[in-house]
Amino acid sequence: MSLLSRAVSAPRTRLRLLARGLAGMAGPLKSVDYEVFGRVQGVCFRMYTEGEAKKIGVVGWVKNTSKGTVTGQVQGPEEKVNSMKSWLSKVGSPSSRIDKTDFSNEKTISKLEYSNFSIRY
């Protein structure tokens, strides 16, 4: 095997091993709906939620409601969904004030229903 062919195949091998390792470590996939109450509109809450979701590695969506709350859905490996639930309950955007966060329809899913995390309008 030439040096060039080894250099080309090495990243693919590492990527396959990484993907296999992540799949094995991920555990069950979870889905949960959420609604955040407090001062969560007009404070970039959706933008920060999208950023945090992408940083943590979960998929789903977020949107403002007509009653002044923010609602959405998060899906991903259980430990990552739990991290996002904690962020939605305690952190939020820098200018937000979270009074409470309700979680509902928490369930185990066999596959992700979204390919990314998005802001809905």
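Scanning the range 76-121 for residues being hydrophobic (A, V, I, L, M, F, W, C), closer than 17 Å to W61 by Cβ and touching a helix residue (DSSP H, G or I) at 6+ places or on another chain (Cβ under 9 Å) gives a total of 7.
Among all residue pairs at least 6 apart or on different chains, which show Cβ distances below 7 Å where the first residue, located in the range 76-90, is in a helix (DSSP H, G or I) and the second is surrounded by 19 or more Cβ atoms within 10 Å (Cβ to Cβ) and of a type in the set (K, R)? Correct list of pairs: E78/K30; V81/K30. Output yes when any residue across the range 48-58 is of a type outside the set (G, A, S), touching an Asp or Glu at 6+ places or on another chain (Cβ under 8 Å) and open to solvent by less than 40 Å² (accessible area, probe 1.4 Å), and no when none is. No, because not a single residue in the range 48-58 is of a type outside the set (G, A, S), touching an Asp or Glu at 6+ places or on another chain (Cβ under 8 Å) and open to solvent by less than 40 Å² (accessible area, probe 1.4 Å). Among residues of the range 41-52 that are farther than 17 Å from Q75 by Cβ, those with a beta-carbon under 6 Å from a residue that is open to solvent by less than 30 Å² (accessible area, probe 1.4 Å) and of a type in the set (S, T, Y) at least six positions away or on a different chain give the pairs V43/S93; V43/S96; C44/S93; F45/S93; F45/S96; Y48/S93. Answer yes or no as to whether F103 is among the aromatic types (F, W, Y) and more than 12 Å from the chain's Cα centre (by Cα). Answer is yes for this residue.
Take the range 60-81 and flag every residue that is of a type in the set (G, A, S) and within 20 Å of S110 (Cβ to Cβ). The answer is G60, G76. Answer yes or no as to whether K90 is open to solvent by 40 Å² or more (accessible area, probe 1.4 Å) and more than 9 Å from the chain's Cα centre (by Cα). In short, yes.
Every residue, every condition in (1) under 20 Å from T65 (Cα atoms); (2) among the charged types (D, E, K, R), yes or no:
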site	(1), (2)
N82	no, no
W87	yes, no
G92	yes, no
F103	yes, no
K111	no, yes
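Taken together, N105, N82 contain a single residue that is on the phi > 0 side of the Ramachandran plot, at pLDDT 95 or above, open to solvent by 60 Å² or more (accessible area, probe 1.4 Å) and not hydrophobic (A, V, I, L, M, F, W, C), which is N105.
Checked across the range 44-66, the condition of being touching a strand residue (DSSP E or B) at 6+ places or on another chain (Cβ under 9 Å) and at pLDDT below 95 holds for no residue.
The values are calculated or read from the model by the stated rules, or taken from the named source; none is laboratory data. Since we're looking at a predicted model, the values are computed, not measured. Please note: Cβ atoms are built from the backbone with ideal geometry, for glycine as well, and neighbour counts cover all protein chains shown. What goes into the accessible areas is simple: the full protein's heavy atoms, side chains included, and nothing from ligands, DNA or RNA. Shrake-Rupley method; radii C 1.70, N 1.55, O 1.52, S 1.80 Å.
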